[in-house]
Amino acid sequence: MASRSTQLPVARGFDTALGYFHSSNNYYDSTRDQGCGDELHTDLWDGHAPSTLNGTDYEELLFRDRAVATVQAHDAKKRLFLYYAFHTSCVGSNGTASNLQPEPAYYERFKHIDDPDRRANVAMVALMDDAVGDVVAALRARGLWDETLLLWSSDNGGAVHLGGGSNTFPLRGGYYNNWEGGIRAAAFLAGGFL
């Protein structure tokens with residue numbers, strides 16, 4: 001850990017940070033089975049230490065709650081920079097396979113979708129949409145929205161590969177390739193600052 005301590009967000013200007021050092025973690029219990037000898041371990045960190053939130057809730061709900069709490073606790077007279085990198089709709093790892101891991105209540109909401117991968121992807125995107133709404137509501141409640149510039153972007157196109165559940169039509173390809181469906185991604189600006 002000492003070799004990484006200067007690379008942590010809290011050592012680079014952030015007041016608080018909640019996140020993982022790796023990817024392909026389990027969304028349900030914050031564990032990871034790859035690396036470190038492939039033994040099951042927790043990888044959710046809060047600042048400089050392992051988080052006490054490990055395994056307490058679905059991971060995106062933990063991140064949403066931290067973002068909302070950060071906004072609620074912030075002095076509305078000061079500027080706020082909040083970086084929230086959503087993990088949905090990426091695959092998680094359950095120890096035997098990497099697959100989409102939707103929050104159960106959201107998955108249930110979309111039972112009318114027959115394809116389980118598509119259903120999982122839609123459920124995860126819906127949760128993301130609701131989480132953005134919760135953060136925006138917190139900004140409005142604290143009187144911060146009028147001075148907010150919200151930037152939304154994606155790092156890649158949809159996961160059209162087996163198990164990804166996305167659809168990039170009419171573009172060709174998706175995540176993991178260089179066709180337009182893999183490199184074109186949505187982005188927008190919003191907020192009262194505009």
Under the Karplus relation 6.51 cos²θ - 1.76 cosθ + 1.60, θ = phi - 60°, what is the ordered set of whole-Hz ³J(HN,Hα) values for segment 127-133, x standing for Gly and Pro? 4, 4, 4, 5, 5, 4, x
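What relative contact order, as a whole-number percentage, does the chain give when Cα pairs under 8 Å and 6 or more residues apart are counted?
15 percent
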Given H placed 1.01 Å from N in the peptide plane, which residues other than close sequence neighbours of Thr31 have an amide H under 5 Å from its amide H? Asn26
If each of Asn167 and Ser24 carries a label point 7 Å out from its Cα toward its Cβ, how far apart are those two points in nm? 2.9 nm
With every protein chain kept in place and ligands, DNA and RNA left out, what is the accessible area per residue of the chain? Probe 1.4 Å, answer in Å². 60 Å²
FRET efficiency for Asp114 and Lys77 from the Cβ-Cβ distance with R0 = 41 Å, rounded to 0.05, comes out at 0.20
Diffing segment 64-71: the Karplus 3J(HN,Hα) column from phi (6.51, -1.76, 1.60, θ = phi - 60°), in whole Hz with x for Gly and Pro, holds 4, 4, 5, 4, 5, 5, 5, 5
Of Thr6, Thr31, ordered by accessible area with the largest first and a 1.4 Å probe, the sequence is Thr6, Thr31
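The values are calculated or read from the model by the stated rules, or taken from the named source; none is laboratory data. As the structure is a computational prediction, the values presented were derived from the model and not from experiment. Please note: Cβ atoms are built from the backbone with ideal geometry, for glycine as well, and neighbour counts cover all protein chains shown. Ligands, DNA and RNA are excluded from the accessible area calculation, which covers all protein heavy atoms including side chains. Shrake-Rupley method; radii C 1.70, N 1.55, O 1.52, S 1.80 Å.
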